[in-house]
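The values are calculated or read from the model by the stated rules, or taken from the named source; none is laboratory data. Computed from a prediction, not measured in an experiment: that's the story for all the values here. Don't worry about glycine lacking a Cβ; one is built from the backbone with ideal geometry, like all the others, and counts go over all protein chains shown. SASA here: full protein model, heavy atoms, side chains in, ligands and nucleic acids out. Shrake-Rupley method; radii C 1.70, N 1.55, O 1.52, S 1.80 Å.
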Amino acid sequence: MTTPPPGLRERKKQATREALREAALRLAVEHGLDQVRVEDIAEAAGVSPRTYNNYFASREQAIVSAVTADRDARIAAAVAARPAGVRLADAVTEAVVEQYTNTGEHEHEALLLITTRTALRSAFLNSTADIEPPLTAVITERLGSVGAHTARVLAASVAAAVRIALEGWLQPTGNAGAAGSSGAGGLVVPSGSLPDQLRAALAPLAPAFDGAERPTRP
């Protein structure tokens with residue numbers, strides 16, 4: 001199934017979204033999260049605060065978007081690109097691990113911020129829910145007659161498993177409650193191997209994927 005290219009309006013919206021998240025991350029890295037207002041981000045991106053609010057509900061959401069941008073679509077595309085003979089559970093696991101661990105310098109800057117602020121960590125964890133819609137579509141296409149309901153349950157389970165893995169990886173250390181009014185939420189040190197934690201969290205879903213995929217096998 002070929003997806004038609006986006007129209008001019010959609011391309012303009014995408015460009016605005018990209019400008020906002022890039023500005024949010026840059027300003028937060030340069031000045032610190034507490035010194036960045038929505039008005040500052042909007043001005044840096046060349047739009048009004050009202051326009052900003054059409055795209056993001058908070059500073060944190062915009063900053064996190066700089067590291068999670070289009071990850072949900074890339075996961076779905078990676079699953080769709082796997083040969084039909086590849087076990088669906090394996091295709092999903094490899095796609096998730098690949099997209100969550102292949103980060104560049106840009107994403108690394110955002111992750112450094114995320115590990116020091118409670119609100120940013122929450123937004124980062126909440127972003128895993130975005131995996132569900134595009135992955136549902138890909139699984140539905142892969143499973144065919146099994147139906148969209150099963151595909152949605154599987155995709156939602158993947159999103160939940162990824163969140164659990166990230167929660168385990170981003171474990172606060174030390175006196176997390178000592179942040180007081182600063183809202184920093186304590187120091188967070190990523191724990192263990194993220195690929196290993198993602199694989200461990202997704203492993204229990206394999207029998208469900210296999211059971212759903214079995215009727216489609218010859």
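Across region 65-122, what is the number of residues that are among the basic types (K, R) and either open to solvent by less than 20 Å² (accessible area, probe 1.4 Å) or not in a helix (DSSP H, G or I) (or both)?
4
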Given (1) modelled with pLDDT of 95 or more; (2) within 19 Å of V162 (Cα to Cα), index of the condition V64 fails: (1)
Selected residue [without any contact (Cβ under 8 Å) to a residue 12 or more places away in the chain and among the hydrophobic types (A, V, I, L, M, F, W, C)] from A73, A57, A23, A62: A57
Qualifying positions in region 132-153 - under 15 Å from A206 (Cβ atoms) and free of Cβ contacts under 8 Å to residues at least 60 places away in the same chain: V153
